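Below: one structure, written as structure tokens.
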Amino acid sequence: MGSDLGLASTIAGLVVGAVGVVFSGVALARSADVIATRTRFGGLWFGMVLLALATSLPELVTAGTAVRIGAPDLAAGDLFGSNMANMLILALITLGPRAHVFRRVASEQALVAVFAIFLTGIAAGFVLLSAAPILGILGPGSLLLLVAYLLGSRVVLWRSTMVQATAAKTEITSHVPFQEGRASEPSPNMRRAVGQFVLGAVVVSVTAPLFAISAESAVEISGLSESFVGVLALGIATSLPEAVASFAALQIKAYDLAVANLFGSNAMNMVMFFPLDLLYRPSTPLSILGAVDHIHVFTGVASIVMMALALRAIVVRAKRTRGVTSGLMILTYALSVTAVMRWTM
């Protein structure tokens, strides 16, 4: 009877969280598109930083909760697994009829992809090194991730601003809207968009802890390892905001916003090891990246492979590569999850 109730509460937690995530994801995508357009930041930077931050709140809260309850592998599995899940989402949205996402996004998306790959490589490398924290507080890997993220996001902002300025000049001189596929609409209300964005972020952050609690219950009920549950269950569950927001952005033809959100979330997931390191209270003198299982090196590399495949498709921009690239990304995800299951069982 007790186990039945435990299973029911676990499922209920995931369902309630999913409903909140779907609601907030749509609100975030639509409001982010308005804010990005009205502020002239463009979908590239706004999607990579602010929308990625909002949709990555479940990963932050869930991983933070996992660390506080003494499950660091669940936290690391969530973050690396979410990176894989985000690339699975990208593969799926590119398979849509007449989507051609890889060809329609700005070439600057390649910069965001390289940025996410670089940060994931740093995190995976420090998992392998098992480094001790600096001054007994913070791991060198976490600190390097924070510095690299701040510098990289500044570079992307500079590049995005240049692109927007050039596009605006072109629009003025040619009298042609520079955003492909976007219909002319009345100017939306900026205050309302900001309110919707904040509300969506709040809803995401409130429902996110349900994922961590439910996942920990799944570990106890099923007997599966924390690493596997983090990679598969939490990785997919906490990527629901990215999935909903990217699909919603795709519907309104905000292609750069949709793709930058996914790559940006991958970068954001890695920099989250910084606050997690501050929360981590280890029983051994290791930082959180050094203390987790080496299986996370494998999942980190798997997500890098998936991002590299997407990066190639963005650079090449050939129509025929869409199905092949998406298929290879989906295959990489499936093989990686199977390998993690076999490794941890």
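The values are calculated or read from the model by the stated rules, or taken from the named source; none is laboratory data. Only a predicted model underlies this, so the values are computations on that prediction, with no experimental measurement involved. Methodologically, a virtual Cβ is constructed for each residue, glycine included, from the backbone with ideal geometry; neighbour enumeration extends over all protein chains shown.
This table checks each residue for (1) at pLDDT below 85; (2) buried (at least 24 other Cβ atoms within 10 Å of the Cβ); (3) under 16 Å from A123 (Cβ atoms).
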position: I35; (1), (2), (3): yes, no, no
position: T39; (1), (2), (3): yes, no, no
position: E59; (1), (2), (3): yes, yes, yes
position: T65; (1), (2), (3): yes, no, no
position: F80; (1), (2), (3): no, yes, yes
position: N83; (1), (2), (3): no, yes, yes
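Of all residues assigned to the range 57-76, at least one qualifies as being in a helix (DSSP H, G or I), out of contact with any Leu (no Cβ under 9 Å at 6 or more places or on another chain), hydrophobic (A, V, I, L, M, F, W, C) and more than 23 Å from V305 (Cβ to Cβ).
Every residue, every condition in (1) at pLDDT below 60; (2) within 22 Å of A260 (Cα to Cα); (3) crowded, with 17+ Cβ neighbours inside 10 Å, yes or no:
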{"position": "G139", "(1), (2), (3)": "no, no, yes"}
{"position": "S142", "(1), (2), (3)": "no, no, yes"}
{"position": "Y149", "(1), (2), (3)": "no, yes, yes"}
{"position": "T161", "(1), (2), (3)": "no, yes, no"}
{"position": "S174", "(1), (2), (3)": "yes, no, no"}
{"position": "P177", "(1), (2), (3)": "yes, yes, no"}
{"position": "E180", "(1), (2), (3)": "yes, yes, no"}
{"position": "S187", "(1), (2), (3)": "yes, no, no"}
{"position": "R191", "(1), (2), (3)": "no, no, no"}
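From the list A91, A124, the lone residue that is crowded, with 17+ Cβ neighbours inside 10 Å, farther than 21 Å from V271 by Cα and modelled with pLDDT of 85 or more is A91. Are any of the residues in the range 322-335 of a type in the set (A, V, I, L, M, F, W, C) and part of a loop (DSSP other than H, G, I, E, B)? The answer is no, given that none of the residues of the range 322-335 is of a type in the set (A, V, I, L, M, F, W, C) and part of a loop (DSSP other than H, G, I, E, B). Being part of a helix (DSSP H, G or I) and either at pLDDT 80 or above or in contact with a helix residue (DSSP H, G or I) (Cβ under 8 Å, 6 or more places away or on another chain) (or both) is a description that does not apply to A99. Summed over the range 266-306, residues that are of a type outside the set (A, V, I, L, M) and assigned to a loop (DSSP other than H, G, I, E, B) total 9.
All of (1) closer than 19 Å to V112 by Cα; (2) modelled with pLDDT of 95 or more hold for R317 with one exception: (2).
Picking from residues in the range 242-299 that are over 19 Å from A54 (Cβ atoms) and of a type in the set (G, A, S), the one that is surrounded by the most Cβ atoms within 10 Å (Cβ to Cβ) is S287. Quickly run through the range 12-24 and pick out the residues that are modelled with pLDDT of 70 or more and either basic (K, R) or touching a Pro at 6+ places or on another chain (Cβ under 8 Å) (or both). Residue satisfying the conditions is S24 alone.
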